[in-house]
Ligand code: ARG
């Protein structure tokens, strides 16, 4: 469906042309003075410079040419040369009825040229518990994925597990100390390894921090861990088998956690999957004469003349020949390009890793791993802070585990929901989880991703104000009216949305009519916070309309049926939007 703003702009262009002015000045925007008008055009001001005329005079000439427009109810030229616009009621209700008839997408178009887009997000490190630092990547990445996919693109989310670092060597070292007789440690063993892992997830989660602590205190232990890592990376059989167990156990646990967050990945690849690509990639870089030795290490220069700050060379191999984080990300790009030929790859990672990605992107382009037709994008997010302004911690100052945080928020929400309604215990529990997730996700996504924000669960959980629960509450309110209407034996299907009769009804329709524009912009800018801003505006307009209108007691069936259709369209748009944000609404709350 054409965006309303484009239809208005086209109409405005006709006015400019009829009055003899260049229609490039006919840009229309949503009014910043909703008390005066609904849309506005400021083009008479720049036109005045070209045509050496007073802007107000130009605005008046144009306004008079648009008097018989079937889009505008009024076109008013005001000082110093603004053109204030109001939309015709019938035009607006036709527009929202057309949205209503689009059962799948409420009028939102797909992009004309769909792309294959890979999103690298989540990025948890295997065997280390998932903590809140990984929350933002999962929440933002999932929403961006849904927005881009709704826009019609083919989107592939890859979790990019951190499964290749020294944490693996640490776990192996500690395990060897505790259970030296395990067959994995016997270098001469050449049979099959057991299919059952030699540890549970809780053991694994205890082993890693223990080993990590020991290695910081004990030089000898540290050396052993590094050796184990190197042997693993060289492909020692028993260690590879252990790695597989660590992965299996961790991934099962990670999947549970992500499921609670309503986050899912198309690909469960990890850093280890990049390893086979490293050697040929390094050879290629050397053959092309781009990788050279510097102080023993192998590097590729990535600085550019226009750089304002120093961009150090991208290190490919350390002096001992070991691969680095850069190397893994570059080799990952090799298989991503080979296997998926993406038009775009988006990284949703902590903004403190920006320099790393500048180096990796430049190096990938310079060495030809990524060609000019593939866009590389870094969506860096800010830190989630506690109320004290410092990084978010547990009450006793430790690192907050994601599962613990979710439990706490669910529990608080359950207490609240239980005391508020007549829901069964089971429904209250399920609803609490839904509302808690909305609180957490909306509290994060409403901020521009790059900004730090304060995780204040009390504020995020409020049922009033700009929060996830408020949006859900609005949807539940609509559902309840729709159910009551239905329960009275009536059917709205014969009715359509009527011309707006009040200011609040018109305002609701105007905001509804901006749905396709809102999702297009959010997709173009990969900006979930724009969906949040839209959804909040829409929820507020709905509640204003609801408070000022008698809906269920309206006796005129045509009017009432029209209200019901308007509410149902609003519900559909709201539910579509929260689905893009990655949460859903209950039936009651
Ligand atoms: N595992 C990394 C970390 O916890 C994040 C990975 C981000 N993605 C990437 N391709 N480097 O910091």
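No lab work stands behind these numbers, since they all come straight from the coordinates. Just so it is clear, the model here is predicted, and its values are computed rather than measured. FYI the Cβ positions are ideal-geometry reconstructions off the backbone, even for glycines, and counts take in every protein chain you see.
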- What ratio of Cα Rg to 2.2 N^0.38 Å holds for the range 258-380? 1.10
- Just need the relative contact order of the chain here, percent rounded to a whole number, with Cα pairs under 8 Å and 6+ apart. 15
- Query: Sorting 337, 168, 284 on the 10 Å Cβ count, fewest up front, what's the list?
  - Reply: 284, 337, 168
- Query: Just from its helices, what would the mean residue ellipticity at 222 nm be for the chain, if runs of 4 or more DSSP H residues each count -39500 (n - 2.57) and the sum is divided by every residue, rounded to the nearest 500 deg cm²/dmol?
  - Reply: -17000 deg cm²/dmol
- Task: Please say if the range 107-259 is rounded, prolate or oblate, where rounded means a/c under 1.5 for a ≥ b ≥ c the square roots of the C-alpha gyration tensor eigenvalues, and otherwise the choice is prolate for a/b larger than b/c and oblate otherwise?
- Result: prolate
- Query: Full extension from residue 111 to residue 305: what is 0.36 nm times the residue separation minus their Cα-Cα distance, to one decimal in nm?
  - Reply: 66.3 nm
- Query: By counting other Cβ atoms within 10 Å of each Cβ, how are 268, 164 ranked from fewest to most?
  - Reply: 268, 164
- Per the Debye formula with a single identical scatterer at each Cα and no solvent contribution, what log10 I(q)/I(0) holds for the chain at q = 0.06, 0.09, 0.11 Å⁻¹? -0.43, -0.86, -1.12
- Query: If the chain between residue 200 and residue 454 were fully stretched, how many nm would it gain, using 0.36 nm times the residue separation less the Cα-Cα distance?
  - Reply: 88.0 nm
- In nm², the average projected area of the convex hull spanned by the Cα atoms of the range 1-138 is 13.6
- Task: Using label points projected 7 Å from each Cα along Cα→Cβ, tell me how many nm separate residue 279 and residue 365, to one decimal.
- Result: 3.2
- Message: Please report the equivalent ellipsoid semi-axes of the range 74-130, computed as sqrt(5 x eigenvalue) of the Cα gyration tensor, largest first, in whole Å.
- Response: 45, 21, 13
- Message: Report the Cα centroid-to-centroid distance between the range 518-575 and the range 420-434 in angstrom, as an integer.
- Response: 25
- Query: Pulled fully out, how much extra length does the chain show between residue 430 and residue 403, if you take 0.36 nm times their separation in residues and subtract their Cα-Cα distance?
  - Reply: 8.1 nm
- Task: Using a 10 Å cut-off on Cβ atoms, rank the peptides 23-33, 433-443 from the highest mean neighbour count down.
- Result: 433-443, 23-33
- Least to most buried among 504, 450 (fewest other Cβ within 10 Å first): 450, 504
- Message: Restricting to bridges with both residues inside the chain, how much of the DSSP beta-bridge set is antiparallel, in percent to the nearest 5?
- Response: 50
- Largest to smallest principal axis extent of the C-alpha atoms in the range 399-535, angstrom: 56, 42, 22
- Message: Given points 7 Å out from each Cα along the Cα-Cβ axis, report the residue 53 to residue 482 separation in nanometres with one decimal.
- Response: 5.0
- For a quick protection proxy, order the peptides 186-196, 545-555, 339-349, 380-390 by their average other-Cβ count within 10 Å, most packed first. 339-349, 380-390, 545-555, 186-196
- Task: Determine, from the Cβ-Cβ distance of residue 517 and residue 551 and an R0 of 30 Å, the FRET efficiency 1/(1 + (r/R0)^6), rounded to the nearest 0.05.
- Result: 0.65
- Note on the structure: Once normalised by the length of the range 148-247, the mean sequence separation of its alpha carbon contacts under 8 Å that are 6 or more apart gives a contact order in percent of 42
- Item | Computed over the range 444-589: relative contact order in percent, which uses C-alpha pairs under 8 Å that are six or more apart | 36
